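Read-outs: derived from the displayed coordinates by stated rules, not from any lab. Nothing here was measured: the structure is a model prediction, and the numbers come from that model. A quick note on method: Cβ atoms are made from the backbone with ideal geometry, for glycine too, and the neighbour counts reach across all protein chains shown.
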Amino acid sequence: MSKVAQLEEIIYKCQEGNSGAQTALYRLFSSRMYGVCLRYARDRAEAEDILQEGFVRVYTKIRQFEFKGSFEGWMRRIMVNTALEKFRKHDRLYPVEEMNVYESTEWVDDTVSSITAGDLLSIIQELPPRYRMVFNLFAIEGYSHLEIGEMMNISEGTSKSNLSRARMILQKRVTEDFETEKKISKKVL
């Protein structure tokens, strides 16, 4: 049996409420969906909460999946929406230091090559929640500013502004963190 046929069988059984199939579905997708949740969360514990809530929603809404398009994409959308709803409930907006601190940052191409995905994820998680949400929705998920505004109940202009500020903060952090590491390495050598 092909992987596609196996997944379809698991989905059909989940639609019937089969708990063994739900466990199989979780095992198949939990690590990938955890990665999605981690980008929206401020830490691993919050990502785990989003993942668990997201899977509960997947199980309750799985009858709505009509086998049109990617199941993984459908599930990913549920996880993102779960993260957005968690954000809206708490509507956390932390003040950011003066923006002029971020405006003078120089970007060094050599710095970019030394960053791992884990390093970048850690820096993204440190963004203020609203900036992190807008950054992920735009840069990772590919939503437009109009769509982001509707999802987050903010204006299109606010979405653009939040993305710009998130990018400045990320740029500054990456430059500071990795330029310092390079200077230390050069002194040691």
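Of note:
- Checked against (1) more than 14 Å from the chain's Cα centre (by Cα); (2) without any contact (Cβ under 8 Å) to a residue 60 or more places away in the chain, Glu46 passes all but condition (1).
- If only residues of segment 54-66 that are assigned to a helix (DSSP H, G or I) and of a type in the set (Phe, Trp, Tyr) are counted, the one that is surrounded by the most Cβ atoms within 10 Å (Cβ to Cβ) is Phe55.
- Qualifying positions in segment 26-46 - over 21 Å from Glu85 (Cβ atoms) and among the aliphatic types (A, V, I, L, M): Leu28
- Qualifying residues in segment 4-53 (those that are surrounded by 13 or more Cβ atoms within 10 Å (Cβ to Cβ) and among the acidic types (Asp, Glu)) - the one nearest to Phe65 (Cα to Cα): Glu8
- Filter result for Thr158 (part of a helix (DSSP H, G or I), hydroxyl-bearing (Ser, Thr, Tyr) and within 16 Å of Ile115 (Cα to Cα)): no
- Flag: Arg32 matches the condition of being under 18 Å from Val4 (Cα atoms), part of a helix (DSSP H, G or I) and in contact (Cβ under 8 Å) with a residue 40 or more places away in the chain.
- When segment 49-85 is limited to residues that are in contact (Cβ under 8 Å) with a residue 24 or more places away in the chain and among the small types (Gly, Ala, Ser), the one that is nearest to Glu141 (Cα to Cα) turns out to be Ala83.
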